[in-house]
Amino acid sequence: MRGGEAAIVDTGTASDAAPIDTALGELGVGWEDVSDVVATHNHRDHIGGFPAVAEQAVHATLGIGEADIDPVASVGDVVGLVDGDNVFGMTVIATPGHTPGHISIHDHDLGVLFTGDALNGGEVLDGEEGTVAGPNTSFTPDMPTALESIRRFEDLEFDAIAFGHGTPIENGAKAELQRYLDSL
């Protein structure tokens, strides 16, 4: 949220519009205040809610990684995002591997990295909550590219990570990421 406007990163499944509505209300904003909706990639657990959210956030710009745009094009005007694009004051980081057009979002001002499925919370893949795990090999067709992609995070400044799956790490996330990368 910035200046009375909000952005949504990943809409979840088709049934997740109601929880998003609740979260917006808790923040004191409505659908009319949503200026940007971004999907990190084209898997239905991240874009399934695009149609319902687009119906509510009628003034929002919808975006997804350019190579993943085809599956969501039927929603309406969807912008293909590429590495370095700016969305709501945040930077798009191309992180292919999990899907060809997978993107992550870096909010430099808040020190938050939204990883989509480029990374997972440790508890998702038999680890511990508060740790970082890599992409799920069962759903990542190009693991070498995915691992190369997440190495790009080493050059970013952040203290928190919000994963597509798993409990966010609110403090010390960069150190946890480095521990994971050192284990590879």
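Summary of values
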| item | result |
| --- | --- |
| On Cα atoms only, tilt of 17-27 relative to the major axis of the chain in degrees | 90 degrees |
| Entry for Rg and Dmax of the Cα atoms in Å (calculated from the structure that is shown) out of [x] 15.5, 45; [y] 19.5, 73; [z] 20.8, 67 | [x] |
| Most mobile of Val38, Val82, Val29 in a GNM of the chain (Cα contacts under 10 Å) | Val29 |
| Separation of the His108 and Asn136 label points, Cα + 7 Å toward Cβ, nm | 3.3 nm |
| Projected area averaged over orientations for the range 83-184, convex hull of C-alpha atoms, nm² | 5.7 nm² |
| Over the range 1-81, equivalent-ellipsoid semi-axes from the Cα gyration tensor in Å | 20, 13, 10 |
| Sparsely packed GluC sites (Glu not before Pro) within the range 96-158, loop by DSSP, other Cβ within 10 Å at most 16 | Glu128, Glu129, Glu157 |
| Relative contact order (%) - criterion: Cα under 8 Å, at least six apart; region: the chain | 15 percent |
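Values quoted throughout were computed directly from the atomic coordinates according to the rules given, and no laboratory measurement underlies them. Computed from a prediction, not measured in an experiment: that's the story for all the values here. Using ideal geometry, Cβ is built from the backbone for each residue, glycine included, and neighbour counts are taken over all protein chains shown.
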